[in-house]
Every structure is written in structure tokens, then in C-alpha cells.
Amino acid sequence: MDLRARQWARFRHRYGFVLAVLTPILLWFIIFSFGPIIYALWASLTNTHTLDPSLARFVGFKNYISLLEDRRFLMSMGNVVKFVAVKGFLNILLSLGLALLLERLRHGRNVYLFFIFMPVVISQVAVAMLFLWLYDPRLGLINYLIGLIDIPPQSFIRSTSQAIYSVAVADVWKTYGYAAVIFLAGLLDIPQDYYEAAKVDGATRLQTFLRVTIPLLKNALVLIMVLIVIDGVQHFTMVQVMTGGGPADSTLMPSILVYDYGLGANNYQMGYASSISFLMFVVILTVTVLQLRLFRSLYE
């Protein structure tokens, strides 16, 4: 047996089982992860029809150019910005505040974590139905409560000016527990020596929070912000159940637009819908990289 054959036999003996286990997983990942991305890119450059893909013709960047003139697409991007801004602010404020309170607890922390995390595991459809009742103009609990302090009833998801913010608040309630757990893990990982050093230097609680806690929570904060942006760009279920993109497209999201153009309303423009999907993929990737670089430059 020559040297190359012995090396190959030794390699198979050492890594053969590992390769046998990992190869199907890698093939599955390549086919069902990279495959759809490549198909979406190809479809976005064609005029593919959902009902008859065989009629597809290459049109280059025509779909992407058309997006810049599509009023509904531009409105959906504006709605994403509003949704992410409201959800990001409220989610971080609420979850970080709860994490700071939980950090101080010495007993019963897990009990509180159970109830805080419970909305995360509830179905999005169930949460949407709950808030449909809460937001109901005539029978909703929220209008009943604000009526007790003489505030007139609000339309919430039936109002073009309130709908996107109402959906964002519902989504905050659904996801704040996840962010709170991440923040709590980050807080518990901060060595107490930093706080003791800040106390010796005479720093106030606010100064300690801004100069010690926030910088050391950088990784948790970046992770949460990235997840919020990703969820905002591809948000679908709760908006579809609560408003369907209305009223008057005031809650229209790119994901709903992909569904409408690709499968709904007798459009079946799979090529055009794929261009929106691939563009959203590029937006998510770009924003994520920018967020990582921004926080790196701020705290390094």
C-alpha cells in the first residue's frame, strides 16, 4: 500500500463516521437554505408566472426598477421603518427595565421569568386574536379602561394613523420576554468588580448605568436590535391576521406584498414577488452589518 492509500485509509478511519453523519445535514442545509435563495435571485430576474413557470423569460433588472415606482412597495418600506422604530424603542425599554429589576431579585426570579417569557411561546395567531379583542372600538378592554378616565374611544387598527403602531405594540407584548431573558443573561455576566470600582470613583447610579452597564451589554443589545430589524422586515403573521395590510395599506409590509403579488389577488407575478423577497434579504444583510460596525466603533 503506497503512502497516499495509507493516508486515505487513516483519514477514513478517523473522520469517516463524522462525515457520514454531517454529509446529509450539509446537503439538507445547502438544498433547503441556499437553494431557495438562488431560485429567488433567478426568479427575480425573470417574469415568472406562478401558475406556469415554463413561460418565464429573462427580463434583467426590470422588476427591481419597477419596485422604485411601486407606490405600495414604497409604502410598505415606510411601514417597516415605523414598525421597527416603535418596536425597537418599546421592546428595549421594557425588556431592559424588567431585566434590571430581575437582576436585583434573590428569590423567586424563575417564577417571574416564567410569566414574562410566556407570551413568547404563545402562537402569533392567538396573540393577534387577543389584541383584536383588546383593540375593538366598541367591546375592547382598552377602550373601556380609557373611558373610565374620560378619554374618547380610539379606532386603533381601524385607523390609518394608529394601525401600524397598534400592531407594533401587540408584537412588543409577544416578544419582550425573549429580549428580557437575553438582557438578564448579559447583566448576570457582568463582573461585580466593575460596579465596585465605579462606586469607589464616586459615580452615580445613572453614570454607572451609562458608563458601565450599557457598554458591557453591547453584545446583548446588538443581538436584540438585529433580531428586531429582521422581524420587522419579514413580519407577516400578526399583521395578516389583524389587518391584512389595511386599512388603506397603512400596515402593509413587504412580506404581505410578496404574498399578494405572488399568490393573492389573481396576480401570480412570482418574478416580481421574488424581486421583493431578494431585495429584503439584501436589506436585512446590509442593516445587520451596519449595526455590527456601528456598535463596534462606539464601544471599542
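Amide H contacts under 5 Å for Thr46: Val59, restricted to partners 5 or more places along the chain or on a different chain, H placed in the peptide plane at 1.01 Å from N.
Which of Trp133, Trp173 comes first, and how do the rest follow, when ranked by fewest Cβ neighbours within 10 Å? Don't skip to the end; give the middle numbers.
Working: Trp133 11, Trp173 17.
Ascending Cβ contact count within 10 Å gives the list Trp133, Trp173.
So which residue, out of Tyr194, Tyr178, Tyr135, gets the largest mean-square fluctuation from a GNM of the chain using Cα contacts under 10 Å as springs? Residue with maximal mean-square fluctuation among Tyr194, Tyr178, Tyr135: Tyr194. The alpha carbons of segment 3-44 occupy a box of 50, 20, 7 Å along the principal axes, longest dimension given first. Judged by the gyration tensor of its Cα atoms, with axes a ≥ b ≥ c, segment 89-248 is prolate; a/c meets the 1.5 cut and a/b is the larger of a/b and b/c.
Positive contributions from Lys and Arg (+1) and negative ones from Asp and Glu (-1), summed over other residues with Cβ under 14 Å from the Cβ of Arg12, come out at +4.
Return a whole-number percent for the relative contact order of segment 41-95, with Cα pairs under 8 Å and 6 or more residues apart as the contact set. Provide the component values of the computation, followed by the final result.
Details: 28 pairs, mean separation 11.8, N = 55.
Relative contact order comes out at 21 percent.
When the Cα gyration tensor is reduced to axis lengths a ≥ b ≥ c, the ratio a/c is 1.5 or higher for segment 1-125, and with a/b not above b/c it is classed as oblate.
Please check the chain for the longest run free of trypsin sites (Lys or Arg not before Pro) that are loop-located per DSSP (anything but H, G, I, E, B) and have at most 10 other Cβ atoms within 10 Å. The partial results should precede the final answer.
Numbers: sites that count: Arg57, Arg106, Arg138.
Between the exposed loop sites, the longest stretch runs 139-300.
For the chain: lysine pairs with Cα atoms under 27 Å, gap of 8 or more or different chains, count? Don't jump to the answer; show the numbers that get you there.
Numbers: Lys82/Lys174; Lys82/Lys218; Lys87/Lys174; Lys87/Lys218; Lys174/Lys218; Lys199/Lys218.
The number of close lysine pairs in the chain is 6.
Computed over the chain with a Gaussian network model linking Cα atoms closer than 10 Å, the most mobile of Ile230, Ile65, Ile284 is Ile65.
Can you list which of the DSSP-assigned H helices in the chain have a Cα extent of 27 Å or more along the long axis and an average Kyte-Doolittle score of at least 0.0?
Numbers: long enough: 3-29 (35 Å, 0.40); 71-104 (50 Å, 1.08); 163-188 (37 Å, 1.40); 270-299 (44 Å, 1.42).
In the chain, the long hydrophobic H runs are 3-29, 71-104, 163-188, 270-299.
Size descriptors for segment 157-286: radius of gyration and Dmax over Cα atoms are 20.6, 69 Å.
Overall shape: oblate for the chain, with the ratio a/c of the largest to smallest alpha carbon gyration tensor axis at 1.5 or above and b/c at least equal to a/b. Computed over the chain with a Gaussian network model linking Cα atoms closer than 10 Å, the most mobile of Thr204, Thr175, Thr23 is Thr23.
Can you put Met242, Met129, Met280 in order, fewest other beta carbons within 10 Å first? If you can, show how the numbers build up before the last one.
On the way: Met242 25, Met129 14, Met280 22.
With the fewest neighbours first, Met242, Met129, Met280 line up as Met129, Met280, Met242.
Quick note: the coordinates plus some simple rules give every number you see, no bench work behind them. Bear in mind the structure is a predicted one, so any value in this text is a computation, not a measurement. For neighbour counting, all protein chains shown are included, and Cβ atoms are generated from backbone atoms with ideal geometry for every residue, glycine included.
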